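First up is the structure itself, then whatever we jot down about it.
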Amino acid sequence: AMRKDALATAFCLATDATGVAILPDPAPDKKRQSCRRGHFFVVIADRDHVFFDYQPRETSAAVSRMFRGFSGYIQADAKSVYDILFVPPEERPPPEDECDLDLAERFELGCWSHARRKFWEAAIARVEVAREALFRIARFFERDAGWQGNPPATIKALRNKHLRPELESFFAWAEVEYAKVKGQRGSLRSAFGYAVRQRDALMRVLDDGRLKLDNNRSERALRAVAVGRKNWLFIGSDDHATAAGHLMSAIASARLHALDPEVYLREVLRVLPHWPKDRYLELSPKLWTP
């Protein structure tokens, strides 16, 4: 019910992924095997829901299934597996099953923290031009932070008036600098190349005052997996990982709405057997308090 609500009503979905170790199926000869690698995707739907989706493989097909039917903005890093989401509907290859047909239109929203991180790596090597990029990006965040708290329409107007000229100036400068290092190897070429290739996605924050400059909220949510796997070491199977993802989704969504996860889960499990199936959304953390 939460997923259906998110795909139907969310304005922007923020997502990121990380790997986990999965126990392999027992071998016929009972020899020891190394763990397989699975992936947890976190998807944050505005201020409504948080999902942890387990996928055995991090592929374009898996990502397409996760976001099928959603129209709106998707904020992610620039991994190639997400590219399929932003292909215009008329240019998508026909699915094997007609039930998989997806005509939804989505827009890529870039993450300035990812862009900044690459310049930081270059700046560590004492590259002056990378420091210039860091100063410019820091100014974007500083200016935008001063506008938060205003209505989205006001934020959009302020961004277009003050931030747009600085963003356009940044990319004009970045293209010149990228041309200088395009034939070289190293972190500086990687940083400028990322920024230039992601220009449209990074500029899309100007579309609406509700959009965020960074995708840090997704990375913060993934800390639960990153810290947990040091204690788990591995997960027993794909089914166990899927079940763990459901539980983490309920806990993370409860925390998103300032609910005590233990109290919330205890009470939900108590009323769930008696609750009408067509009203399950009312039991979600989003609507739990009212």
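Worth pointing out:
- Tabulated pairs, segment 222-247, first over 20 Å from Ala14 (Cα atoms), second assigned to a helix (DSSP H, G or I) and of a type in the set (A, V, I, L, M), C-beta under 7 angstrom, 6+ apart or interchain: Ile235/Ala241; Ile235/Ala244
- The listed residues are Ala153, Ala122, Ala115, and the only one of them that is in contact (Cβ under 8 Å) with a residue 12 or more places away in the chain and farther than 22 Å from Leu211 by Cα turns out to be Ala122.
- Some residue of segment 166-185 being on the phi > 0 side of the Ramachandran plot and not hydrophobic (A, V, I, L, M, F, W, C): no
Yes or no, residue by residue, for (1) of a type in the set (Phe, Trp, Tyr); (2) open to solvent by less than 90 Å² (accessible area, probe 1.4 Å); (3) farther than 30 Å from Arg136 by Cα:
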residue: Ala191; (1), (2), (3): no, yes, no
residue: Tyr194; (1), (2), (3): yes, yes, no
residue: Arg204; (1), (2), (3): no, yes, no
residue: Asp207; (1), (2), (3): no, yes, no
residue: Ser218; (1), (2), (3): no, yes, no
residue: Gly236; (1), (2), (3): no, yes, yes
residue: Ser253; (1), (2), (3): no, yes, yes
residue: Pro261; (1), (2), (3): no, yes, yes
residue: Pro276; (1), (2), (3): no, yes, yes
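- Single unsatisfied condition, Arg65 versus (1) in contact with a Lys or Arg (Cβ under 9 Å, 6 or more places away or on another chain); (2) modelled with pLDDT under 95: (1)
- Taken over segment 117-158, the criterion of being of a type in the set (D, E, K, R) and either within 16 Å of Val196 (Cα to Cα) or crowded, with 17+ Cβ neighbours inside 10 Å (or both) is satisfied by Arg117, Lys118, Glu132, Arg136, Asp144, Lys156.
- Odd one out for Ala6 among (1) outside any helix (DSSP H, G or I); (2) crowded, with 19+ Cβ neighbours inside 10 Å: (1)
- Selection status of His114, surrounded by fewer than 21 Cβ atoms within 10 Å (Cβ to Cβ) and within 28 Å of Leu163 (Cβ to Cβ): yes
- Sole exception among (1) touching a residue at least 60 places away in the same chain (Cβ under 8 Å); (2) part of a helix (DSSP H, G or I); (3) more than 30 Å from Glu267 (Cα to Cα) for Arg210, by number: (2)
- Entry remark, segment 7-29: residues being among the aliphatic types (A, V, I, L, M) and within 16 Å of Trp232 (Cβ to Cβ) number 4 in total.
- Any hit, segment 14-28, residues being within 29 Å of Leu287 (Cβ to Cβ), open to solvent by less than 10 Å² (accessible area, probe 1.4 Å) and at pLDDT 95 or above: yes
- Test: Val50 is under 22 Å from Asp238 (Cα atoms), outside any helix (DSSP H, G or I) and either in contact with a helix residue (DSSP H, G or I) (Cβ under 8 Å, 6 or more places away or on another chain) or modelled with pLDDT of 90 or more (or both): yes
- Filter result for Cys35 (out of contact with any Cys (no Cβ under 8 Å at 6 or more places or on another chain) and under 23 Å from Ala195 (Cβ atoms)): no
The values are calculated or read from the model by the stated rules, or taken from the named source; none is laboratory data. These numbers were taken from a predicted model, which means no experiment stands behind them. No Cβ is skipped: glycine too gets one built from the backbone with ideal geometry, and neighbour counts run over all protein chains shown. Keep in mind that these areas ignore ligands, DNA and RNA; they rest on the heavy atoms of the full protein, side chains included. Shrake-Rupley method; radii C 1.70, N 1.55, O 1.52, S 1.80 Å.
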